[in-house]
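Following: one structure in structure tokens, then a few remarks.
The values are calculated or read from the model by the stated rules, or taken from the named source; none is laboratory data. Source: prediction; values computed, not measured. Neighbour counts are summed over all protein chains in view; Cβ atoms, including those assigned to glycine, are modelled from backbone coordinates with ideal geometry. Only protein heavy atoms, including side chains, enter the accessible area calculation; ligands, DNA and RNA are left aside. Shrake-Rupley method; radii C 1.70, N 1.55, O 1.52, S 1.80 Å.
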Amino acid sequence: NTVRHLMKDERSIKAVDIAIAFGEGKATREELDSAAAAFYDADAAVADDAASAAFNAADADDASTAYAADAASSAVAAYAAVKKENQQATADICRKYLKPKF
């Protein structure tokens, strides 16, 4: 939910909603698994779009191709950085609320 404002694909938003509902006991494991599968499809679509943009740019002249490849590479790196930052924020939230029961 920490990145909901960045989500454009309805499958991702629904996955967040189902995950929250599951945590509250208001959704089944099957609903959670289905939403997770749809989320991963949406996530793969983002990567595919970046790869397609780079591939399509390869049909242009050499300078444009180099520029497009660099832009696609930067976009993928930025996506990875945002994903890592969100994973850290999520881990921090988990550490705050989920205490070991020793």
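Solvent-accessible surface (1.4 Å probe) assigned to Lys14 amounts to roughly 120 Å². Rounded to 0.05, the FRET efficiency of the Met7 and Asp70 pair, given R0 = 30 Å and the Cβ-Cβ distance, is 0.70.
Using the Cβ-Cβ distance between Ile20 and Lys84 with R0 set to 30 Å, the FRET efficiency works out to roughly 0.85.
A 1.4 Å probe over all protein chains sorts Asp9, Asp70 by accessible area into Asp70, Asp9, starting with the largest.
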